[in-house]
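The values are calculated or read from the model by the stated rules, or taken from the named source; none is laboratory data. As the structure is a computational prediction, the values presented were derived from the model and not from experiment. Here the Cβ positions follow ideal geometry from the backbone for every residue, glycine too, while neighbour counts run over all protein chains shown.
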Amino acid sequence: MKKINSICIIDDDPITVFGIQKMLSLVTDCKVISKFVNGKDAIDGITAMVQNKTQLPQVIFLDINMPIMDGWQFLEEFIKLPITQAIRVNIVTSSIDDLDRKNWELYKSQTHHLITFNNKPIKRDEIEQITKVV
(Lines give C-alpha, C1' and ligand atoms only; values in the text may rest on other atoms or scores of the structure.)
Protein backbone atom coordinates (compact mmCIF):
# COMPACT_ATOMS: atom_id res chain seq x y z
CA MET A 1 0.00 0.00 0.00
CA LYS A 2 1.40 3.40 -1.04
CA LYS A 3 2.17 5.77 1.85
CA ILE A 4 1.30 9.43 1.41
CA ASN A 5 1.79 12.01 4.13
CA SER A 6 -0.92 14.47 3.14
CA ILE A 7 -3.87 14.65 0.74
CA CYS A 8 -6.31 17.54 0.25
CA ILE A 9 -9.87 17.18 -1.05
CA ILE A 10 -11.55 20.38 -2.25
CA ASP A 11 -15.20 19.66 -3.06
CA ASP A 12 -18.56 20.91 -1.84
CA ASP A 13 -20.31 17.56 -2.42
CA PRO A 14 -20.14 15.43 0.75
CA ILE A 15 -20.93 12.24 -1.19
CA THR A 16 -17.96 12.77 -3.51
CA VAL A 17 -15.69 13.57 -0.56
CA PHE A 18 -16.85 10.41 1.23
CA GLY A 19 -16.30 8.32 -1.91
CA ILE A 20 -12.79 9.65 -2.50
CA GLN A 21 -11.87 9.09 1.16
CA LYS A 22 -13.25 5.55 1.06
CA MET A 23 -11.31 4.65 -2.08
CA LEU A 24 -8.15 6.29 -0.73
CA SER A 25 -8.39 4.08 2.37
CA LEU A 26 -8.35 1.03 0.08
CA VAL A 27 -5.32 2.00 -2.00
CA THR A 28 -3.10 4.18 0.19
CA ASP A 29 -1.98 4.80 3.73
CA CYS A 30 -2.39 8.53 4.33
CA LYS A 31 -1.64 10.27 7.61
CA VAL A 32 -3.55 13.52 6.94
CA ILE A 33 -6.55 14.20 4.70
CA SER A 34 -7.60 17.85 4.67
CA LYS A 35 -11.06 18.74 3.36
CA PHE A 36 -12.36 22.08 2.12
CA VAL A 37 -15.83 22.88 0.74
CA ASN A 38 -14.70 25.69 -1.57
CA GLY A 39 -11.60 27.08 -3.23
CA LYS A 40 -11.38 30.11 -0.91
CA ASP A 41 -11.10 28.00 2.23
CA ALA A 42 -8.60 25.74 0.46
CA ILE A 43 -6.34 28.51 -0.83
CA ASP A 44 -6.40 30.16 2.60
CA GLY A 45 -5.47 26.85 4.22
CA ILE A 46 -2.68 26.05 1.76
CA THR A 47 -1.34 29.62 1.91
CA ALA A 48 -1.14 29.26 5.71
CA MET A 49 0.77 25.98 5.26
CA VAL A 50 3.26 27.75 2.98
CA GLN A 51 3.66 30.70 5.36
CA ASN A 52 4.04 28.44 8.41
CA LYS A 53 6.34 26.08 6.51
CA THR A 54 4.17 23.10 7.44
CA GLN A 55 3.75 20.04 5.30
CA LEU A 56 1.89 20.62 2.04
CA PRO A 57 -0.42 18.05 0.51
CA GLN A 58 1.24 15.74 -1.98
CA VAL A 59 -2.05 15.19 -3.81
CA ILE A 60 -5.04 17.52 -4.23
CA PHE A 61 -8.44 16.40 -5.49
CA LEU A 62 -10.14 19.52 -6.89
CA ASP A 63 -13.74 20.05 -7.95
CA ILE A 64 -14.39 22.78 -10.51
CA ASN A 65 -17.93 23.91 -9.66
CA MET A 66 -18.10 25.17 -6.10
CA PRO A 67 -19.54 28.20 -4.34
CA ILE A 68 -17.50 31.24 -3.23
CA MET A 69 -14.35 30.32 -5.22
CA ASP A 70 -14.47 27.67 -7.92
CA GLY A 71 -11.69 25.27 -8.90
CA TRP A 72 -10.34 27.49 -11.69
CA GLN A 73 -10.10 30.48 -9.36
CA PHE A 74 -8.36 28.24 -6.82
CA LEU A 75 -5.83 27.09 -9.45
CA GLU A 76 -5.20 30.69 -10.50
CA GLU A 77 -4.13 31.51 -6.93
CA PHE A 78 -2.48 28.16 -6.21
CA ILE A 79 0.01 28.35 -9.07
CA LYS A 80 1.16 31.77 -7.80
CA LEU A 81 2.20 30.35 -4.42
CA PRO A 82 5.95 29.97 -3.85
CA ILE A 83 5.86 26.16 -3.79
CA THR A 84 8.94 24.49 -5.25
CA GLN A 85 7.85 20.88 -4.89
CA ALA A 86 5.53 19.50 -7.57
CA ILE A 87 2.08 18.73 -6.21
CA ARG A 88 -0.34 16.40 -8.00
CA VAL A 89 -3.59 18.36 -8.57
CA ASN A 90 -6.32 16.10 -9.86
CA ILE A 91 -9.40 17.86 -11.17
CA VAL A 92 -12.49 15.76 -10.46
CA THR A 93 -15.60 17.11 -12.15
CA SER A 94 -19.00 16.19 -13.52
CA SER A 95 -18.57 18.85 -16.23
CA ILE A 96 -18.66 17.81 -19.88
CA ASP A 97 -17.97 21.33 -21.14
CA ASP A 98 -15.10 21.54 -23.66
CA LEU A 99 -14.12 24.88 -22.11
CA ASP A 100 -13.21 23.06 -18.88
CA ARG A 101 -10.82 20.78 -20.77
CA LYS A 102 -9.30 23.86 -22.47
CA ASN A 103 -8.87 25.54 -19.07
CA TRP A 104 -7.20 22.37 -17.79
CA GLU A 105 -4.74 22.44 -20.70
CA LEU A 106 -4.05 26.14 -20.05
CA TYR A 107 -3.31 25.72 -16.32
CA LYS A 108 -1.30 22.57 -16.98
CA SER A 109 1.00 24.55 -19.27
CA GLN A 110 1.51 27.37 -16.72
CA THR A 111 2.91 25.41 -13.80
CA HIS A 112 5.39 22.80 -12.65
CA HIS A 113 2.62 21.03 -10.71
CA LEU A 114 1.14 17.92 -12.30
CA ILE A 115 -2.47 18.73 -13.14
CA THR A 116 -4.70 15.90 -14.35
CA PHE A 117 -8.39 15.67 -15.23
CA ASN A 118 -10.99 13.02 -14.31
CA ASN A 119 -14.74 12.92 -14.58
CA LYS A 120 -17.01 12.07 -11.66
CA PRO A 121 -17.60 9.55 -10.39
CA ILE A 122 -13.92 8.84 -9.96
CA LYS A 123 -13.06 5.16 -9.96
CA ARG A 124 -10.77 3.13 -7.74
CA ASP A 125 -8.28 2.42 -10.54
CA GLU A 126 -8.05 6.17 -11.22
CA ILE A 127 -7.35 6.81 -7.51
CA GLU A 128 -4.66 4.11 -7.61
CA GLN A 129 -3.06 5.76 -10.66
CA ILE A 130 -3.21 9.24 -9.13
CA THR A 131 -1.54 8.14 -5.90
CA LYS A 132 1.21 6.19 -7.74
CA VAL A 133 2.51 9.37 -9.35
CA VAL A 134 3.45 10.91 -6.02
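Answer with yes or no whether D125 is more than 23 Å from S25 (Cβ to Cβ), surrounded by fewer than 19 Cβ atoms within 10 Å (Cβ to Cβ) and among the acidic types (D, E).
The answer is no for D125.
Limited to region 1-24, what total is found for residues that are within 20 Å of F78 (Cβ to Cβ) and of a type outside the set (D, E, K, R)?
10
What do you reckon, is I130 within 13 Å of the chain's Cα centre (by Cα), under 21 Å from N38 (Cα atoms) and not acidic (D, E)? Full working, then the answer.
Details: within 13 Å of the chain's Cα centre (by Cα): yes; under 21 Å from N38 (Cα atoms): no; not acidic (D, E): yes.
No.
One line per residue, one yes/no per condition, for (1) more than 15 Å from I20 (Cβ to Cβ); (2) at pLDDT below 95; (3) aromatic (F, W, Y):
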| position | (1), (2), (3) |
| --- | --- |
| D44 | yes, no, no |
| K53 | yes, yes, no |
| D70 | yes, no, no |
| I79 | yes, no, no |
| I87 | yes, no, no |
| T93 | no, yes, no |
| D100 | yes, yes, no |
| K120 | no, yes, no |
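Given region 60-134, what helices (runs of 4 or more DSSP H) lie entirely inside it while holding 1 or more residues that are in contact (Cβ under 8 Å) with a residue 40 or more places away in the chain?
The helices (runs of 4 or more DSSP H) meeting that bar are 71-78, 124-132.
Quick check on region 45-59: of everything there that is assigned to a helix (DSSP H, G or I) and β-branched (V, I, T), which residue is farthest from I15 (Cα to Cα)?
Going through the qualifying residues, I end up with V50.
Could you please find all residues in region 22-44 being surrounded by fewer than 16 Cβ atoms within 10 Å (Cβ to Cβ) and either part of a helix (DSSP H, G or I) or aliphatic (A, V, I, L, M) (or both)?
Passing the criteria: K22, S25, L26, V32, D44.
Could you please find all residues in region 95-122 being more than 26 Å from L24 (Cα to Cα) and either among the basic types (K, R) or surrounded by 17 or more Cβ atoms within 10 Å (Cβ to Cβ) (or both)?
K102, N103
Looking only at region 1-42, which residues are farther than 19 Å from T131 by Cβ and either over 11 Å from the mean Cα position of the chain (by Cα) or hydroxyl-bearing (S, T, Y) (or both)?
D12, D13, P14, I15, V37, N38, K40, D41
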